[in-house]
Amino acid sequence: MKVLLVDDEFNVREVIRSLGQWQDYGITDVLEASNGKEAKELIERESPEIIFTDVKMPEMNGMELIEWLGTLSYSGKVILITVYDDYSFMRKAIQCSSFDYLLKPIEPDLLNKALAGAVEAWKSEEEERRQKESGLYEDAKRLRVNREVTAACNGEHFDVDEIASSLPKADKYELALLSFYQMHYVEPYIQLLADKLCGQGWGNAFPLQNNYQHCLLITVHGQWLAIEEWMNQHFAVPVRLVGEVPLKLVAELPTSFQCAQKAMNDQNFRSIRRMSDLDDARRIQDIVAFVEENYMEELSLQRLSNQFFLSREHISRKFKQEMGMPLSTYVTELRIEQAKRYLSQTDDKLYTIALKLGYQDEKYFSKLFKKRTGMTPIEYRNDEKKCQSITT
């Protein structure tokens with residue numbers, strides 16, 4: 001560590017130099033400057049961690065010096081040396097973020113006490129900065145790698161070296177695709193798994209950014225049994241998985257992922273924790289809430305089955321029991337109600353409304369609307385405008 005003494009009086013600098021117990025506190029260099037201007041040059045060149053500076057000096061005084069340090073986001077500690085002992089000066093010193101101050105003439109005990117405190121504070125803050133910077137670096141790297149893995153799974157260009165840098169070196173790997181239950185917050189589980197895989201040298205886990213319920217594992221060949229056993233012990237949420245898909249080279253990731261995805265879509269998966277542990281009524285309520293939020297999208301029983309870990313037949317039967325109508329009828333009812341709002345509250349053209357509701361055929365939409373309401377969309381809009389004009 002380095003200390004800089006800034007004072008226009010040579011004898012004051014000599015006194016401080018002779019009184020300071022520098023080696024006891026890990027100080028290797030004691031630099032000197034006779035004013036703030038000289039100090040600036042030394043600070044820029046030597047980056048001292050501790051600065052003792054007089055307040056009253058020619059060229060640039062001590063208060064101006066620490067104000068300048070503030071513009072640099074200086075992380076060191078500044079101890080002011082002064083003959084002043086009044087509240088207004090103390091207040092100014094605090095505003096300028098000085099660490100401590102000493103009154104002239106300098107007393108040895110107070111000097112070394114201030115030095116010890118400054119060194120300890122700097123070390124503590126430096127450790128916090130180091131950990132924070134390390135964490136930010138790791139977070140940024142993790143995000144970059146996840147982007148590259150997602151790009152590879154999407155069939156887009158990806159950086160093989162970036163992904164490889166996050167994996168243990170091995171002659172060949174295996175790939176696994178995990179699918180988590182729709183309504184659970186899965187990020188902590190994925191992070192826990194990634195930490196375990198990296199810590200054991202087994203591989204890594206990558207959440208797919210285009211589907212937050214899916215996670216891709218790339219693991220060293222031959223470790224899958226231990227990994228699956230660990231997940232069985234530590235995962236409290238249901239997981240479907242397709243595992244042990246061969247991956248000889250990272251460059252082959254798109255092909256291996258397609259194999260795993262096809263197996264998942266074809267229902268060729270294993271379960272880590274079965275859904276029978278969850279309340280069946282709550283699962284159907286989750287599905288109803290999902291349908292009410294996404295009814296203008298394509299909502300097939302297969303899509304709901306994939307996302308909620310229930311068979312299509314089970315969803316169909318339980319949904320009708322819960323809502324008193326089939327899923328397709330309920331979706332149609334929601335869409336017709338939304339169509340009424342569009343017709344009465346906007347001037348959107350009919351084909352625009354049909355497309356918003358998920359219908360590609362305007363004529364089919366019109367026919368369906370009339371069947372449900374007894375009038376065509378145009379008749380409904382005109383009727384609503386008449387009612388609005390009467391009430392206004």
*Within segment 195-213, how many residues are more than 30 Å from residue 282 (Cα to Cα) and open to solvent by 10 Å² or more (accessible area, probe 1.4 Å)?*
8
*residue 237, sole failed condition from (1) more than 20 Å from residue 145 (Cα to Cα); (2) open to solvent by less than 80 Å² (accessible area, probe 1.4 Å); (3) assigned to a helix (DSSP H, G or I); (4) touching a residue at least 40 places away in the same chain (Cβ under 8 Å)*: (3)
_Hey, residue 335 buried (at least 16 other Cβ atoms within 10 Å of the Cβ), part of a helix (DSSP H, G or I) and within 38 Å of the chain's Cα centre (by Cα) or not_ = yes
*Take residue 297 and decide whether it is closer than 26 Å to residue 355 by Cβ, over 31 Å from the mean Cα position of the chain (by Cα) and open to solvent by 60 Å² or more (accessible area, probe 1.4 Å).*
no
_Any chance residue 263 is within 26 Å of residue 177 (Cβ to Cβ), among the aliphatic types (A, V, I, L, M) and either without any contact (Cβ under 8 Å) to a residue 24 or more places away in the chain or in contact with a strand residue (DSSP E or B) (Cβ under 6 Å, 6 or more places away or on another chain) (or both)_ = yes
*Filter segment 1-14 down to the residues that are of a type in the set (Val, Ile, Thr) and open to solvent by less than 10 Å² (accessible area, probe 1.4 Å), then identify the one that is farthest from the chain's Cα centre (by Cα).*
6
*Please go through segment 21-50 and pick out each residue that is within 11 Å of residue 6 (Cα to Cα) and either among the basic types (Lys, Arg) or open to solvent by 40 Å² or more (accessible area, probe 1.4 Å) (or both).*
32, 37, 38, 40
*Quick one: what pairs do we get from segment 29-44, first residue touching a residue at least 24 places away in the same chain (Cβ under 8 Å) and within 17 Å of residue 58 (Cβ to Cβ), second open to solvent by 30 Å² or more (accessible area, probe 1.4 Å) and of a type in the set (S, T, N, Q), C-beta under 8 Å, 6+ apart or different chains?*
36/61
*Check segment 214-227 and report whether any residue there is over 22 Å from the mean Cα position of the chain (by Cα), at pLDDT 85 or above and under 29 Å from residue 286 (Cβ atoms).*
yes
_Within segment 267-285, does at least one residue satisfy the condition of being on the phi < 0 side of the Ramachandran plot, open to solvent by 20 Å² or more (accessible area, probe 1.4 Å) and over 37 Å from the mean Cα position of the chain (by Cα)?_
no
*Give the residue that is modelled with the lowest pLDDT, with candidates limited to residues of segment 274-320 that are acidic (Asp, Glu) and not in a loop (DSSP other than H, G, I, E, B).*
277
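The rows are residues; the columns are (1) in contact with a Phe, Trp or Tyr (Cβ under 9 Å, 6 or more places away or on another chain); (2) hydroxyl-bearing (Ser, Thr, Tyr).
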| position | (1), (2) |
| --- | --- |
| 322 | no, no |
| 334 | yes, no |
| 348 | yes, no |
| 352 | yes, yes |
| 362 | yes, no |
| 382 | no, no |
*When you go through 116, 93 one by one, which is the residue that is modelled with pLDDT under 85, part of a helix (DSSP H, G or I) and touching a Phe, Trp or Tyr at 6+ places or on another chain (Cβ under 8 Å)?*
93
*asked:* Can you pull out every residue in segment 321-343 that is modelled with pLDDT under 90 and on the phi < 0 side of the Ramachandran plot?
replied: 321, 322, 323
*residue 323 passes all but one of (1) open to solvent by 30 Å² or more (accessible area, probe 1.4 Å); (2) without any contact (Cβ under 8 Å) to a residue 24 or more places away in the chain; which number fails?*
(2)
*Set 370, 356, 385: member being loosely packed, with under 14 Cβ neighbours inside 10 Å and not acidic (Asp, Glu)*: 385
*Can residue 17 be described as under 19 Å from residue 82 (Cβ atoms), in a helix (DSSP H, G or I) and open to solvent by less than 40 Å² (accessible area, probe 1.4 Å)?*
no
_Condition check: buried (at least 18 other Cβ atoms within 10 Å of the Cβ) and touching a residue at least 12 places away in the same chain (Cβ under 8 Å). Does residue 76 satisfy that?_
yes
*Name the residues in segment 357-371 that are modelled with pLDDT under 90 and not acidic (Asp, Glu), would you?*
358, 359, 360
*Any chance you could count how many residues in segment 365-391 are out of contact with any Asp or Glu (no Cβ under 9 Å at 6 or more places or on another chain), without any contact (Cβ under 8 Å) to a residue 12 or more places away in the chain, closer than 19 Å to residue 333 by Cα and not basic (Lys, Arg)?*
3
*Which of the residues belonging to segment 20-53 are of a type in the set (D, E, K, R) and assigned to a helix (DSSP H, G or I)?*
24, 37, 38, 40, 41, 44, 45, 46
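The values are calculated or read from the model by the stated rules, or taken from the named source; none is laboratory data. This one's a predicted model, so the numbers in the text were calculated from it and none came from an experiment. Cβ sites come from the backbone with ideal geometry, for glycine too, and all protein chains shown count toward neighbours. Side chains included, ligands, DNA and RNA excluded: accessible areas come from the protein's heavy atoms. Shrake-Rupley method; radii C 1.70, N 1.55, O 1.52, S 1.80 Å.
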